[in-house]
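> Here it is, the structure in full.
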Amino acid sequence: MSHPADPEEPLPKYRPRERFWPYTDLPEQPDQEELEALDPDLRVALYGPEAQPFSFTLVFPKVADPEYERAVELARRSADYREVGSGESFRIRARFRPDQVEQLRDLFAIVGRFEGCEVLVDDRPLPYARELWLPLTWFLLPR
């Protein structure tokens with residue numbers, strides 16, 4: 001075994017940094033924002049099922065429409081408003097609880113016709129969510 005000061009062994013041309021990872025200061029536990037951004041199925045797999053109230057989520061992209069700004073204003077009034085992605089993958093997510101049926105209906109009246117608008121039931125895409133489940137909630141509207 002040779003010693004690093006041996007003249008036979010060439011010296012390295014660079015000196016490795018003591019700090020190997022550029023992200024060494026990250027916390028070991030995710031913060032609340034990271035937990036909220038998790039896919040619902042992944043969250044259940046990692047942390048088990050959690051008791052959440054029933055909800056509908058409208059997900060829609062940025063569009064060139066005169067009513068888009070009104071839609072964003074209505075989405076901000078939801079129980080949970082988030083902007084995710086950037087560029088072409090930018091989406092607005094607005095989660096509504098059963099006591100917010102009127103706000104949900106008003107927002108869906110605008111964004112339901114946008115290309116790429118999704119309706120999620122408890123954060124999951126379900127068959128007929130737009131055609132059946134969402135209109136059934138209109139029965140919860142006060143008369």
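> I want to make sure I understand the PRE zone here: with the label point 7 angstrom from the Cα of GLU102 toward its beta carbon, which residues in region 27-59 have backbone N atoms less than 20 Å away?
From region 27-59, the list is 55-58.
> Treat each spin label as a single point 7 Å out from the Cα along the C-beta direction, and report the LEU38 to ALA51 distance in nm.
1.9
> What's the FRET efficiency of TYR81 with GLU28 using the Cβ-Cβ distance as r and R₀ = 25 Å, to the nearest 0.05?
My answer for the efficiency is 0.30.
> In what sequence, highest mean first, do 129-135, 44-50 appear when ranked by Cβ atoms within 10 angstrom?
129-135, 44-50
> In terms of the Cα gyration tensor, with a ≥ b ≥ c the square roots of its eigenvalues, is region 58-107 rounded because a/c is under 1.5, prolate because a/b exceeds b/c, or oblate?
Cα axes put region 58-107 in the oblate bin.
> Still on this structure: Can you list the residues of region 103-143 with backbone N under 18 Å from a point 7 Å past the Cα of ARG91, pointing along Cα to Cβ?
Label zone hits: 108, 111-131, 134.
> What whole-number volume per residue, in cubic angstrom, does the convex hull of the C-alpha atoms of region 53-140 give?
Dividing the Cα hull volume of region 53-140 by its residues yields 90 Å³.
Read-outs: derived from the displayed coordinates by stated rules, not from any lab. Since this is a predicted model, take the numbers as computed values, not measurements. Every residue, glycine among them, receives a Cβ derived from its backbone with ideal geometry; neighbour counts consider all protein chains shown.
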